[in-house]
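Notes follow once the structure below has been shown.
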Amino acid sequence: MKKSNINRRQVIKTGALGLGGGALAAPAVLAQQQITWRIQSHWTPGVEYFDTIYQEFGRWITEGTDGEIQVETLQANTVAPTNEILGALRRGLLDASFIFPGYWIGRIPVAGHLNGNLATWDSHEEMQFFFYEMGALDIIREAYAQYGIYQAGPISFAGLAVFSKKPIETAEDFNGFKIRSTGTPGRVFEKMGATPVFIPGEELYQGLQTGVVDGAHWGCVSTGWGMNLQEVTEYIVTPDFLSHSNGEFIVAMDQWNKLGDAHKRVIHNAVRAMSAKASAHFRYRDFLRMDEFTGDMGKNTSTVGDDVMAQLRQKSMEVVDEYSQEDPDYSGRVGALLHEFMRLTGKV
């Protein structure tokens, strides 16, 4: 038993969960009956981050628990369509999901805050202290719990970048601009004069190619690149309209409640560590892809000015207030925290 405990400590301290230093280390996990989790994402094999982020996250959980939680990572639509994941978790068809909170905004409005609000936080540290230090995540967890879901936390997918068929530089350029967008960003773009259109991910390339939309965002530059958006657009709009658009790791509450405290700590640590890793991973590749876009492909970036970003920030906070009115119990409380965040950081 002593040797097993030492091995577990070594895994947690020197393995993937050690990312960021000892602050993320968890105590040794006590031996218990092996658990097998099936988790599903909205991603599919073929994009590089399916393995380097999603499957790696599953490996971290297995390694961090010394193999006591075995994770099977499933691609999009394996067990349930992406927009039906919550029901699949409640019915026991899946145990957990590594996914995008924007899909649930119609049912869990406060998920929009987890996803991110345009022109608010400017760094990974700001995003993290808003959720963890200011307590926004605690409120969001209450809302998810109403659906029998445990919200383990946000995982950064880096910035929100718009691929476009035409330049976007001024506020007027948004007028009539058809953009594939979801969640709270869609409402903000609509306030700017654009026309948000929802297109499923598998139809996004064709939608841009045929002119159904003029532009789209699918996470950051490098995640959009994985969907080949660079092939059917001429511009990437800079800067990112949001520095960190988050994914999430959610667990069926029944499965979460079966875990011991040590296993729960491993998962919490894995979420925070993967958020840091994914942020750096995607951001680095964003720069590589931007260089390829403007160099090898001979295409262009278009840059919006500070005045446009200020308007986006104003419209974004208007949307926050609208959600607060529609959902005072959860979005209202998180919205109040966001206003305080914006004041503290000098953004308003």
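Write down the accessible area per residue of the chain in Å², having rolled a 1.4 Å probe over the full set of protein chains.
Per-residue value: 40 Å².
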Margin query: If I fit a long axis through the Cα atoms of helix 261-294 and take the longest principal axis of the Cα atoms of the chain, what angle between them do I get, 0 to 90°, rounded to 10?
Written below: 30 degrees
Next item on the list: Can you tell me the alpha carbon radius of gyration of the range 193-333 divided by the globular rule-of-thumb value 2.2 N^0.38 Å?
Entry: 1.31
Margin query: Positive end of the dipole of the chain, charges at C-beta (+1 Lys, Arg; -1 Asp, Glu), about the Cα centre: which of VAL71, SER41, SER123 has its Cα farthest in that direction?
Written below: VAL71
Notebook entry, point to check: If you find the alpha carbon centre of the range 262-312 and of the range 191-215, how far apart are they in angstrom?
Noted result: 21 Å
Checklist line | Per-selection metrics, the range 157-268 (Cα): Rg and Dmax in Å | finding: 17.3, 55
Margin query: Along the charge dipole of the range 181-307, pointing to its positive end and built from +1/-1 on Cβ of Lys, Arg, Asp and Glu, which listed residue (LEU242, ALA278, HIS263) has its Cα farthest out?
Written below: HIS263
Item checked: Principal-axis tilt of helix 306-326 within the chain, Cα atoms, nearest 10 degrees -> 60 degrees
Next item on the list: Report the extension gain between ALA171 and ASP261 in nm, rounded to one decimal, defined as 0.36 nm multiplied by the number of residues separating them, less their alpha carbon distance.
Entry: 27.4 nm
Next item on the list: Restricting things to alpha carbons, find the Rg to Rh ratio for the range 52-131 using the Kirkwood radius for Rh.
Entry: 1.02
Note to self: Over all directions, the average projected area of the alpha-carbon convex hull for the chain comes to how many nm²?
What the structure shows: 16.8 nm²
Margin query: Rounding to the nearest 10 and keeping the result within 0 to 90°, find how far the Cα-based axis of helix 333-344 lies from the longest principal axis of the chain.
Written below: 70 degrees
Notebook entry, point to check: In cubic angstrom, how much convex hull volume per residue do the alpha carbon atoms of the range 44-91 span?
Noted result: 85 Å³
Note to self: Restricting to Cα pairs below 8 Å that are 6+ residues apart, what does the relative contact order work out to for the range 33-180? Please round to a whole percent.
What the structure shows: 20 percent
Note to self: Can you order the peptides 240-248, 206-214, 99-107, 123-131 by their average number of other Cβ atoms within 10 Å per residue, highest first?
What the structure shows: 240-248, 99-107, 123-131, 206-214
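Multiplying the sequence separation of ASP122 and ALA145 by 0.36 nm and subtracting their Cα-Cα distance, what value in nm do you get?
Between ASP122 and ALA145, full extension yields an extra 5.4 nm.
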Next item on the list: Work out the charge dipole of the chain with +1 on the Cβ of Lys and Arg and -1 on the Cβ of Asp and Glu about the Cα centre, then indicate which of PRO196, HIS339, PRO167 is farthest towards its positive end.
Entry: HIS339
Check: Using r as the Cβ-Cβ distance of VAL79 and GLN206, and R0 as 35 Å, what FRET efficiency do you calculate, to the nearest 0.05?
Finding: 0.85
Item checked: Listed residue pairs exceeding 27 Å between alpha carbons, taken from LYS178/LYS315; LYS178/LYS277; LYS165/LYS191; LYS191/LYS299; LYS165/LYS315 -> LYS178/LYS277; LYS191/LYS299
Notebook entry, point to check: Once every DSSP H run of n ≥ 4 in the chain is given -39500 (n - 2.57) and the sum is divided by its residues, what mean residue ellipticity at 222 nm do you get, rounded to the nearest 500 deg cm²/dmol?
Noted result: -12500 deg cm²/dmol
Next item on the list: Quote the charge dipole size of the chain about the Cα centre in Debye, to the nearest 20; the model charges only the Cβ of Lys and Arg (+1) and of Asp and Glu (-1).
Entry: 1140 debye
Item checked: For the chain, share of DSSP beta bridges that run antiparallel, in % to the nearest 5 -> 50 percent
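The values are calculated or read from the model by the stated rules, or taken from the named source; none is laboratory data. These numbers come from a predicted model, not from an experiment. Quick reminder, even Gly has a Cβ in these numbers, built from the backbone with ideal geometry, and neighbours come from all protein chains shown. We work out accessible area using only protein heavy atoms, side chains counted, and drop any ligands, DNA or RNA first. Shrake-Rupley method; radii C 1.70, N 1.55, O 1.52, S 1.80 Å.
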